[in-house]
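Input: a single structure, listed below in structure tokens.
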Amino acid sequence: MNENKYYIETYGCQMNVSDSELVANLLEKNGYSKTDNMQSADVIFLNTCAIREKAEETVNNRLDSLHFLKRRNPNLLLGVLGCMAKNLKDAILESRPFVDVILGPDSYRKIPEIINDRKQESSKHFVDTKLSKFEIYDEMFPSRKEGINAWISIMRGCDKFCTFCIVPFTRGRERSRSIKSVVKETTQAVSDGFVEITLLGQNVNSYKTPEGGFADLLGEISKIENLKRIRYTSPHPRDMTDDVLDVMSKNDNICNYIHLPLQSGSSRILKRMNRTYNKEEFLLLCEKIKTYLPNCALSTDIIVGFPGETDNEFRETLDVVNKVKFNSAYMFKYSSRPGTKAAQYSDQIGEDIKQSRLEELIKTQKEITNKINIKCIGKEMQVIVEKESKKSCSQWAGRTEGNTWVIFDKMNFNIKDTVTLRIHDAQGITLFGTPITS
Ligand code: SF4
């Protein structure tokens, strides 16, 4: 008997990676097994992202390239999941009628029912993109591959409504899982062999339950035995409260690392973005973080060329970057998303200006990262061994708690070991170390 097979391709953020693991679990419970060869799959899902125009284009091209599989096998179930499904369902239905299923991020529980119904009527289309105020998939644990880090989704949705962002419309309102359920899933992940977890949420530190907030959750998770490292992403600066920094400073297994999205260094642009903090408040927050956590590594997200951004306002962003000295940054040109407030602003910035600002910002950040990394030479740092170095099969690659990759000789170390290294070289974003053996 032929076994039913599924294939999932995931685009966009880590929330989608985590959601794909949930969907995989649902499919496996319904008798499907995973395949890495989409040509042999009975069910193909693309879990999509709508955050940038480019991500949508990629999925549309991918769907077109999959049309031939549908022609060859009319029983194949081809589905679009995630943010793009929610945002562009009508466009997909019209332009790509060979897509069988369109499900938004809150509709994945329907998958078993859909698969069964389709067995009765293979030409039926299913569309459900309704957002829920309550869906948190609380008791549905994901199907994870063996690995180092387990992504654990703790809250869904966003109430912040930044004017450039489509997420509040595609993922709905903020809602959090219970502390008990997150602790249970983390304990399970550790007993399955994961040594690190990353707590995930669109605004992870807006986590709120009747039993406690994000700091309480971190405190409970940090007590789990054999969990070497706890990370979280992405927090919102507005919700980065003292109790979170306090619990981080008191628990060694919570990484000294915060990804703190700046977006812009200009107070006027931040206001236009509806980020709810200004330049000075962001700088003060970074100082406060360094008071609680003196060696805390910081990374950030920055958008250049937001509508109306003047050259001086862009220089304000460079000023914050130079003052805070982020270890690393994800830097983007503003991408207009239909349906958002910022897309309606009449003072959009030309592509050439956005490009030159992005290049200048990247150059500035690269120099800062280089300087920070060169300062690491001679220092002792701990890494967890994660994988073989891409450049040499006799070397391992591991990450510091500050999220920097370090390459070192394999010696007798194994994947998942914690190794103390003396850093002897820094090249670009990578460090090179020598194991300190006693
Ligand atoms: S905080 Fe802003 S950028 Fe982040 S998901 Fe919410 S609306 Fe989007």
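The values are calculated or read from the model by the stated rules, or taken from the named source; none is laboratory data. Here the structure is a predicted model, which is why all the values come from computation and not from measurement. Every residue, glycine among them, receives a Cβ derived from its backbone with ideal geometry; neighbour counts consider all protein chains shown. Side chains are part of the model used for accessible areas, which takes the heavy atoms of the whole protein and leaves out ligands, DNA and RNA. Shrake-Rupley method; radii C 1.70, N 1.55, O 1.52, S 1.80 Å.
Through the Karplus equation 6.51 cos²θ - 1.76 cosθ + 1.60, θ set to phi - 60°, convert the phi angles of the stretch 222-231 into ³J(HN,Hα) values in whole Hz; use x for Gly and Pro.
5, 7, 5, 5, 6, 8, 6, 9, 10, 10
Compute the signed sum of charges (Lys and Arg +1, Asp and Glu -1) over the other residues within less than 15 Å, Cβ to Cβ, of residue 294.
Net charge around residue 294: +2.
Placing +1 on the Cβ of each Lys and Arg and -1 on the Cβ of each Asp and Glu in the stretch 320-377, which of 346, 328, 373 has its Cα farthest towards the positive end of the resulting dipole?
About the Cα centre, the residue reaching furthest to the positive side is 373.
Taking amide H positions as placed 1.01 Å from N in the peptide plane, with prolines and chain starts having none, which residues 5 or more places from residue 424, or on another chain, fall under 5 Å of its amide H?
378, 432, 433, 434
Between residue 319 and residue 382, what is 0.36 nm times their sequence separation minus the Cα-Cα distance? Round to one decimal in nm.
Additional length available on full extension: 19.5 nm.
Treating only the Cβ atoms of Lys and Arg (+1) and Asp and Glu (-1) as charged, compute the dipole magnitude of the stretch 260-411 about its Cα centre; round to the nearest 20 debye.
240 debye
Can you list the HN-Hα couplings for the stretch 382-392, worked out from phi with the Karplus curve (6.51, -1.76, 1.60; θ = phi - 60°), rounded to whole Hz and with x for Gly and Pro?
So the Karplus estimates, Gly and Pro as x, are 9, 10, 9, 5, 10, 6, 6, 4, 5, 8, 8 Hz.
Taking H placed 1.01 Å from N in the peptide plane, check which residues at least 5 places from residue 150 or on another chain put their amide H under 5 Å from its amide H.
196, 197, 198
Taking the Cβ of residue 372 as the center, what net charge do the other residues with Cβ under 13 Å away carry, scoring Lys and Arg +1 and Asp and Glu -1?
Taking every Cβ under 13 Å from that of residue 372, the sum is +4.
Per residue of the chain, what 222 nm ellipticity follows from adding -39500 (n - 2.57) for every DSSP H run with n ≥ 4, rounded to the nearest 500?
-11000 deg cm²/dmol
Tell me, in nm to one decimal, what length is gained between residue 271 and residue 310 on full extension, where the rule is 0.36 nm per residue of separation less the Cα-Cα distance?
12.6 nm
Looking only at the chain, where both bridge partners belong to it, what percent of the DSSP beta bridges are antiparallel (to the nearest 5)?
In the chain, approximately 35 percent of DSSP beta bridges are antiparallel ones.
Can you give the extra length, in nm with one decimal, that the chain gains between residue 17 and residue 65 once fully stretched, where that is 0.36 nm per residue apart less the Cα-Cα distance?
15.1 nm
Through the Karplus equation 6.51 cos²θ - 1.76 cosθ + 1.60, θ set to phi - 60°, convert the phi angles of the stretch 296-313 into ³J(HN,Hα) values in whole Hz; use x for Gly and Pro.
Karplus values, whole Hz, x for Gly and Pro: 5, 7, 10, 10, 8, 10, 9, 10, 10, x, 4, x, x, 5, 7, 4, 5, 5.
Rounded to the nearest 0.05, what FRET efficiency do residue 238 and residue 188 have when you use their Cβ-Cβ distance and R0 = 51 Å?
After rounding, the FRET efficiency stands at 0.95.
Could you tell me which of 92, 434, 152 has its Cα farthest along the dipole of the chain towards the positive end, charges placed at Cβ (Lys, Arg +1; Asp, Glu -1), taken about the Cα centre?
92
Measure up 29/133; 160/341; 333/366; 34/130; 54/354 against 20 Å on the Cα-Cα distance and list the ones that go over.
Cα-Cα > 20 Å for 29/133; 34/130; rest within.
Where the centroid of each part is defined by its Cα atoms, how far is the stretch 1-70 from the stretch 108-167 in Å?
Taking the Cα centre of the stretch 108-167 as reference, the centre of the stretch 1-70 is 13 Å away.
So for the stretch 144-255: antiparallel DSSP bridges make up what percent, rounded to the nearest 5?
25 percent
Suppose each label sits 7 Å from its Cα in the direction of the beta carbon; what would the residue 109-residue 420 distance come out to in nanometres?
5.0 nm
Could you compute the net charge surrounding residue 252? Neighbours are other residues with a C-beta less than 11 Å from the C-beta of residue 252; K and R count +1, D and E count -1.
Neighbour charge sum, excluding residue 252 itself: +2.
Taking a quarter of the surface of the Cα convex hull of the chain, what do you get in nm²?
Over all viewing directions, the chain projects a mean Cα-hull area of 22.6 nm².
How big is the dipole moment of the stretch 234-285 about its Cα centre under a simple scheme where the beta carbon of each Lys and Arg is +1, that of each Asp and Glu is -1, and everything else is neutral? Debye, nearest 20, please.
Around 480 debye, computed over the stretch 234-285.
Where the only charges are on Cβ atoms (+1 Lys, Arg; -1 Asp, Glu), what is the dipole of the chain about its Cα centre, to the nearest 20 debye?
It works out to roughly 240 debye.
Quick check for you: with a 1.4 Å probe and neighbouring chains kept, what is the accessible area per residue of the chain, in Å²?
With the other protein chains kept in place, the chain gives 46 Å² per residue.
Between residue 392 and residue 252, how many nm apart are label points set 7 Å from Cα along the C-beta direction?
For the pair residue 392/residue 252, the computed spacing is 3.0 nm.
Take residue 301, project a point 7 Å from its Cα along the Cβ direction, then tell me which residues of the stretch 72-86 have their backbone nitrogen under 18 Å from it.
Answer for the stretch 72-86: 82-86.
Between residue 413 and residue 347, what FRET efficiency comes out of the Förster formula 1/(1 + (r/R0)^6) with R0 = 60 Å and r the beta carbon distance, rounded to 0.05?
The value I calculate is 0.65.
Show the residues, 5+ positions off or on another chain, whose built amide H is closer than 5 Å to the amide H of residue 174.
158, 159
Would you work out which of 405, 418, 289 lies farthest towards the positive end of the dipole of the chain? Charges go on Cβ: Lys and Arg +1, Asp and Glu -1.
So the residue furthest toward the plus end is 405.
How much solvent-accessible surface does residue 410 expose, in Å² to the nearest 10, with a 1.4 Å probe and all protein chains in place?
Estimated to the nearest 10 Å², residue 410 gives 40 Å².
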